[in-house]
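Structure, as structure tokens:
The values are calculated or read from the model by the stated rules, or taken from the named source; none is laboratory data. Bear in mind the structure is a predicted one, so any value in this text is a computation, not a measurement. Neighbour counts are summed over all protein chains in view; Cβ atoms, including those assigned to glycine, are modelled from backbone coordinates with ideal geometry. Just so you know, the surface numbers come from the protein's heavy atoms only, side chains and all, with ligands and any DNA or RNA stripped out. Shrake-Rupley method; radii C 1.70, N 1.55, O 1.52, S 1.80 Å.
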Amino acid sequence: MGKQNYKAFWDEALKQIHDEYSEKGLEDEFKIWFNMEYVEDTLTEITVAVRSVFMWTQMVSMGYVAAVQEKIAELLGQDIAINYIVKNRTISADSKAKSSESEKKSSQTAQISDSPEKKEENSSLKQNISSDYTDLSIISEIKQKPKTKHPQLKEEFTFETFVSGENSAFAYNAALAVAKNPGRAYNPILIYGGVGLGKTHLMQAIGNYIYKERGGQVKICYVSAENFTNEFTSSIRDSSTEKFKAKYRKLDVLLLDDIHFLIGKKQTQEELFHTFEALSQNKAQMVFTCDRPITEIKDIEDRLKTRFTSGMPIDLQPPNYETRRAILQKKLDLLGKEISPEVVDYIAKNAQTNVRDLSACLTKMLGYAELLQKPLTIEIAQKELRDTFSQPTNGSISIETIQKVVANHYNISLSDIKSKRRNKKFVIPRHIAIYISRQLTEFSFPEIGYEFGKDHTTAMHSYEKVEEQLKTDSSLNSTIQLLIREIKDYKK
């Protein structure tokens, strides 16, 4: 292949992605996370230059590289891998010589197992790359490492990288106990809570721990409920259900993520029930996650609900300020980065919903500093994160939206939530909707009461009732956090 045969496809892919981001008002995000400079290509891959290994790692983990690959595949009609090298701003003569020597070694290493055609491609690639780029030794080093990780699990999801606080101490210790004694400590274990709180992290930490200790001696499978459903549906279509059963019913560890996806899928629920029974009989460890308490999941068979909670159900709560700050510092330590305590404090105080939001804010700040070569100040953090931390007002979220989302969650009508009916089925959602209205909008109690057909004292009483119940009912807090996220994302 020539030097830049796929360049036109690359440019068009980035143009289309840029247009999509611009339409959503995400111009800054595009500039930061798609900052890849086309360098070279071969028959099967494109090489791009980025500013640092850190930036590349974040681009990959956050799905930006995959987004470009998918777009190119659409345009080109074939899959193309994307590799990277690191671009330096300035390189001394000594470092150029070192880079050249390293390129030579890397080339020699790569050619050991390559075909003659592949040797020619590799040689061409390395000889034509400008000295403004570092060598490919990092990539070669990674490729030569023996595969010690489980193919379905993320290496970074371990107990060592999970920061445990008051919100997650019980979940952490229970998960660790399961990892140390699978099939016996708690089985099954069900971890539930809102988006981005670490459910998948803990689940995969269990898998990684067992795999590290026992390796090929155990069959471990991590799968989302959506993929489990799709795989089962395909097995019916292809008349390969026996193969499907053989795969899942003979496991030593099943890690099934997001079981709320199974709502309304009767055949998949039936199959999972029988899978559960077979694994339970074989004393295989099962771990499930869900975005809400199991009692709030509708259209899932009672016998399956009973089995989900027959071991150890665990509620994962949003982290408090101290834990959020510890999480940020842990991530900085793992990345080998430093930012001012004031900026860390600002993020910890404002990103209150979940760990994922914390990570996204930190990554954005590190990316900003990396690209612009500027030290982060509290003023920069406030400016760059103002949209992330902006509080919704009565102009951005309406009480009607809150009513619709809450009514839909509890499977009642909009008129029911505003009615005077005193049945518990309607009273609880009404109280919660009033509570959230006060939390997310600037409306007063008289204004909120009017929207629900109540006076201000009734609205205030509903709010105080929920507030009091939250002190002792952790599952209610999980439900409210889930509803708040759904309200903020409503028709976006």
For this session: Starting from the Cα of GLU213, step 7 Å toward the Cβ, then list every residue of segment 165-188 with an amide N under 15 Å from that point.
Result: 173-187
Exercise. What FRET efficiency comes out for the pair VAL53/SER419, r = Cβ-Cβ distance, R0 = 60 Å, nearest 0.05?
Worked result: 0.55
Seminar exercise, completed: Excluding ligands, DNA and RNA, the carbon-plus-sulfur percentage of the accessible area of segment 176-310 with a 1.4 Å probe reads 44
For this session: Describe numerically, in nm with one decimal, the distance between label points set 7 Å from Cα along Cα→Cβ at ILE263 and at ASN411.
Result: 1.0
For this session: Enter the accessible area per residue of segment 8-70 (Å², integer; probe 1.4 Å; all protein chains in place).
Result: 46
Problem set entry | Karplus (6.51, -1.76, 1.60) ³J(HN,Hα), θ = phi - 60°, over segment 231-244, in Hz, Gly and Pro reported as x | 5, 5, 4, 5, 5, 5, 5, 8, 6, 10, 5, 5, 5, 4
For this session: Could you tell me whether segment 367-492 comes out rounded, prolate or oblate from its Cα gyration tensor? Rule is a ≥ b ≥ c as square roots of the eigenvalues, rounded for a/c under 1.5, then prolate if a/b exceeds b/c, otherwise oblate.
Result: prolate
Seminar exercise, completed: Taking every other residue with Cβ under 11 Å from the Cβ of ILE300 and scoring Lys and Arg +1, Asp and Glu -1, one gets +2
Problem set entry | Accessible-area composition of segment 390-492, carbon plus sulfur, in percent [1.4 Å probe] | 47
Problem set entry | Residue-normalised accessible area of segment 322-441, given per residue in Å² at a 1.4 Å probe | 51
Exercise. Mind ordering 331-339, 42-50, 285-293 by average Cβ neighbours within 10 Å, highest first?
Worked result: 285-293, 42-50, 331-339
For this session: Beyond 23 Å between alpha-carbons counts as too far, so tell me which of LYS154/LYS488; LYS7/LYS149; LYS154/LYS247 fall in that bin.
Result: LYS154/LYS488; LYS7/LYS149
Exercise. How much length, in nm to one decimal, is gained on full extension between LEU372 and GLN439, taken as 0.36 nm per residue of separation minus their Cα-Cα distance?
Worked result: 20.4 nm
Exercise. Given a Förster radius of 56 Å and the C-beta distance between ASP79 and THR458 as r, what FRET efficiency does 1/(1 + (r/R0)^6) yield to the nearest 0.05?
Worked result: 0.40
For this session: Order these peptides, 424-433, 15-24, by their mean beta-carbon neighbour count within 10 angstrom, highest first.
Result: 424-433, 15-24
For this session: State which entries of LYS266/LYS424; LYS404/LYS425; LYS424/LYS465; LYS24/LYS404 exceed 18 angstrom in Cα-Cα distance in the structure shown.
Result: LYS266/LYS424; LYS24/LYS404
Seminar exercise, completed: Net charge (Lys, Arg +1; Asp, Glu -1) of residues whose beta-carbon lies under 12 Å from that of GLN69, GLN69 excluded, is -3
For this session: Let me know the charge dipole size of segment 23-67 about its Cα centre in debye, to the nearest 20, where only the beta-carbon of Lys, Arg (+1) and Asp, Glu (-1) is charged.
Result: 160
For this session: Add +1 for every Lys or Arg and -1 for every Asp or Glu among the other residues with Cβ under 12 Å from the Cβ of GLN329, and state the total.
Result: +1
